[in-house]
1. In whole Hz, what ³J(HN,Hα) sequence does the range 118-128 give by Karplus (6.51, -1.76, 1.60; θ = phi - 60°), x for Gly and Pro?
2. When each pair of different Cα atoms in the range 22-147 is counted once in the 1/r mean, what is the Kirkwood radius in angstroms, to one decimal?
3. For the range 117-180 and the range 184-234, what is the separation of their C-alpha centers, rounded to whole Å?
4. Which value, in nm² and rounded to one decimal, describes the direction-averaged projected area of the C-alpha convex hull of the range 184-263?
5. Gain in length, Tyr83 to Glu166, computed as 0.36 nm per residue apart minus the alpha-carbon separation, to one decimal in nm?
6. What spacing in nm lies between the two simple spin-label points modelled at Leu17 and Asn91, each 7 Å away from Cα in the Cβ direction?
7. Evaluate the Debye formula for the range 86-204 with equal point scatterers sitting on the alpha carbons, no solvent, and hand back log10 of I(q)/I(0) at q = 0.10, 0.14, 0.20, 0.23 Å⁻¹, in q order, two decimals.
8. Roughly how big is the chain's charge dipole about its Cα centre, with Cβ charges of +1 (Lys, Arg) and -1 (Asp, Glu), in debye to the nearest 20?
Amino acid sequence: TLFIDGLYNETIRYNYLIQVIVTVLVFFGALGFMAMFDLFSFGKLKERIKHPWKDFQFSTKIALYFSFWLVALGTIGFLVLEYNNSLSDHNLLGSLITAVFQSVTRTSGFNTVDIGSLTMPMLLLFLVLMFMGGSSNSAAGGIKTSTLAVIYASVIATIRGKKQPELYKHSISNSILARSLAVLLFFITGTAIGIFLLSISESHILAMENRTILDLIFEEVSALGTVGLSTGITPHLSTMGKSIVILSMLIGRVGTLTIAFSFGNKVISSDYKYPEGHTLVG
C-alpha cells in the first residue's frame, strides 16, 4: 500500500468499512477468473433467471465452497486464539471484521494486526491457510482450493471404500487426482528445500532473541504461497536469504507443477504397459 506501515496504519486498522471493502475484493479476486465469469457474467445471470434449476459449474462450486470454509476456519481460529491478544483493543464487531479480514488475506498479504505479535497456534494456523491458498485461475498462490478439494474427496473415498473419488455429485478422474497429488508433493518439497536453505543462510536470525525456526518457516511458506506476510524478519535477511525468498516467490507464482513439467521429458505415446504392482501402504 501507499502507507508506510501498510494497512496496519491506525487510520486503516480501526476503519472497519475499508476493511470490509478490501475483504470482499480479495475474496472474489482469489476465486479465479473462470469462477467470477460463471457467477457474475450477464449471460450466466440471465440464464439462471430464465432457468433457476441450472447450477454453477463444478469448478465454481469447488472454488466458492472451499474458499468459504477456509475463511470460516481462519475467522473462528483468529477470534478464539487472538481475542485476548491482537484483538484486545477492538470491540466485538471490530474483532469479527478484523478476524475475517485476516482470514481472507491469506492470499493477498495485507494485515491490520502485527503478525509478529501473534500467538504460536495462530501462526501455525496461518501457515495452513497460506499453504492452501486461493483458487485456480486467480491471482492467489498456494496449492489451490481445487487441489485441496480433490485430495479431500480422495481421502473420503478411501475411508468409505469407494473406487473413485466423488464430490458434489461428480466423479473425479484418476488423471486429475494424480495432478493434484503431484501439486501437493512438489509444493511440500519446494517448501522443505526453501526452509532448509534459509536455516543455513539465516543462522544469525535464529541466534536472535525471541526468534525461532518458525519465523523462517513462516517466511518461506508466505513466499512460496505468494502471500507477502512476515513475522518481521524480512529486513534482517541476508543477500542469500533474500535470493531464496525471491526465487520461492517466482516459483510460487509460476507454479511448482509447471516448473516440474519444464524440466521433465514428456512421453508422447507409449504402446506398452507394465504389470500392475501391489505394495503395502501406511
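1. 5, 5, 4, x, 5, 4, 5, 5, 4, 4, 5
2. It is 15.4 Å.
3. Computed from Cα coordinates, the inter-centre distance equals 22 Å.
4. Across all orientations, the range 184-263 yields a mean hull projection of 5.0 nm².
5. Residue separation times 0.36 nm, minus the Cα-Cα distance, leaves 26.1 nm.
6. 1.5
7. Here log10 of I(q) over I(0) equals -0.45, -0.79, -1.13, -1.26.
8. Magnitude of the dipole: close to 1320 debye.
Every number in this text was worked out from the coordinates using simple rules, so none of it is lab data. None of these values were measured; they are calculated from a predicted model. Heads up, the Cβs are rebuilt from the backbone with ideal geometry, glycines too, and the neighbour counts pull from every protein chain shown.
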